[in-house]
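J.: Supplied in structure tokens, the structure appears directly below.
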Amino acid sequence: MIPRAQRGFGLIEAMVTIAVLAILLAVALPSYQQMIANGRTRTIAESFRAGVDLARAEAMRRNLPVSFAVVSSACTASTSGTSWVVFRGTACSDATTIQRFDSGASGAGVTVDSGNTQVTFGGMGMVAASNPITRINFTNTTLPETQRRPLRLTINAGGQTRLCDPGVTTSGDPRAC
């Protein structure tokens, strides 16, 4: 008799493969969750940066004052809101709104701390109002302190924005604030 060649996987091989995949998944899942949470923080921070840049660009395009405000909803100013609005002039209303961002579920766990609620840009693109927002801090409170990657958006008097990592203290590091 000629022995038949074995084909396919046996039960033992399939169980070993599933066990190895389960171990890999258990090791990778916490890192993946951390990456997703820190990605949310970056997404919200980038959105705020885009909003500030839009306000500055609109002020220069219109040659009129345009403001960016941190809001909790619609035009309700808030130093800890996760939404923003860009509007003409210095008083927000539906009639003056240029663009609005509502973080909704995408901002889950992200906290925002701006100190002030609004920054206004003049027709030359420079900060025009007194006591403007100069920095906005972002962090994700769903993660333990050691796994958080906080970000900071800075706005200088000339209107330029910069997103940096306040946790980096090494001199010369481009990520440092």
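The values are calculated or read from the model by the stated rules, or taken from the named source; none is laboratory data. It should be emphasised that the depicted structure is a prediction, and the values quoted were computed from it without experimental measurement. FYI the Cβ positions are ideal-geometry reconstructions off the backbone, even for glycines, and counts take in every protein chain you see.
J.: Among the residues of segment 147-167, write down those that are surrounded by 12 or more Cβ atoms within 10 Å (Cβ to Cβ), of a type in the set (A, V, I, L, M, F, W, C) and free of Cβ contacts under 8 Å to residues at least 40 places away in the same chain.
T.: Answer for segment 147-167, where residues must be surrounded by 12 or more Cβ atoms within 10 Å (Cβ to Cβ), of a type in the set (A, V, I, L, M, F, W, C) and free of Cβ contacts under 8 Å to residues at least 40 places away in the same chain: just Cys164.
J.: Pairs please, first residue from segment 97-124 and farther than 15 Å from Glu46 by Cβ, second anywhere and modelled with pLDDT of 90 or more and surrounded by fewer than 15 Cβ atoms within 10 Å (Cβ to Cβ), Cβ atoms under 8 Å, 6+ apart in sequence or on different chains.
T.: Correct list of pairs: Gly123/Arg62; Gly123/Asn63; Gly123/Leu64.
J.: Out of all the residues in segment 58-80, which are surrounded by fewer than 16 Cβ atoms within 10 Å (Cβ to Cβ) and touching a residue at least 60 places away in the same chain (Cβ under 8 Å)?
T.: If the condition is that a residue be surrounded by fewer than 16 Cβ atoms within 10 Å (Cβ to Cβ) and touching a residue at least 60 places away in the same chain (Cβ under 8 Å), then Arg62, Asn63 are the ones that fit.
J.: Which is touching a Ser or Thr at 6+ places or on another chain (Cβ under 9 Å) and modelled with pLDDT under 90, of Ser73, Ser47? Show your work before the answer.
T.: On the way: Ser47 fails: modelled with pLDDT under 90.
Exactly one of Ser73, Ser47 is touching a Ser or Thr at 6+ places or on another chain (Cβ under 9 Å) and modelled with pLDDT under 90, namely Ser73.
J.: Still on this structure: For segment 155-177, give me each residue that is within 19 Å of Gly39 (Cα to Cα), modelled with pLDDT of 90 or more and of a type outside the set (Lys, Arg).
T.: Leu163, Cys164, Asp165, Pro166
J.: May I ask you to verify whether Val168 is outside any loop (DSSP other than H, G, I, E, B) and either β-branched (Val, Ile, Thr) or touching a Ser or Thr at 6+ places or on another chain (Cβ under 9 Å) (or both)?
T.: So Val168 does not fit the description; no.
J.: Of all residues in segment 95-117, count the ones that are outside any loop (DSSP other than H, G, I, E, B) and either surrounded by 21 or more Cβ atoms within 10 Å (Cβ to Cβ) or among the acidic types (Asp, Glu) (or both).
T.: The number of residues fulfilling the criteria is 4.
J.: Follow-up. Report yes if Cys92 is in contact (Cβ under 8 Å) with a residue 24 or more places away in the chain, in contact with a strand residue (DSSP E or B) (Cβ under 7 Å, 6 or more places away or on another chain), at negative phi and surrounded by 14 or more Cβ atoms within 10 Å (Cβ to Cβ), otherwise no. Talk me through it step by step, then tell me what you get.
T.: Numbers: in contact (Cβ under 8 Å) with a residue 24 or more places away in the chain: yes; in contact with a strand residue (DSSP E or B) (Cβ under 7 Å, 6 or more places away or on another chain): yes; at negative phi: yes; surrounded by 14 or more Cβ atoms within 10 Å (Cβ to Cβ): yes.
Yes, satisfied.
J.: Does Arg42 satisfy the criteria of being under 30 Å from Ile155 (Cβ atoms) and charged (D, E, K, R)?
T.: yes
J.: Still on this structure, please answer the following. Suppose we keep only residues that are hydroxyl-bearing (Ser, Thr, Tyr) and in contact with a helix residue (DSSP H, G or I) (Cβ under 8 Å, 6 or more places away or on another chain) within segment 84-119. Which one would you say is farthest from Ala37 (Cα to Cα)? I'd like the intermediate steps shown before the answer.
T.: If we filter segment 84-119 for residues that are hydroxyl-bearing (Ser, Thr, Tyr), which is where we start, we get 90, 93, 96-97, 103, 106, 111, 114, 117.
Within this subset, residues satisfying the condition of being in contact with a helix residue (DSSP H, G or I) (Cβ under 8 Å, 6 or more places away or on another chain) are 103, 106.
On the way: Ser103: 14, Ser106: 10 Å.
Checked segment 84-119; the qualifying residue farthest from Ala37 (Cα to Cα) is Ser103.
J.: On the basis of being assigned to a helix (DSSP H, G or I), within 28 Å of the chain's Cα centre (by Cα), of a type in the set (Asp, Glu) and buried (at least 17 other Cβ atoms within 10 Å of the Cβ), does Glu46 make the cut?
T.: In short, no.
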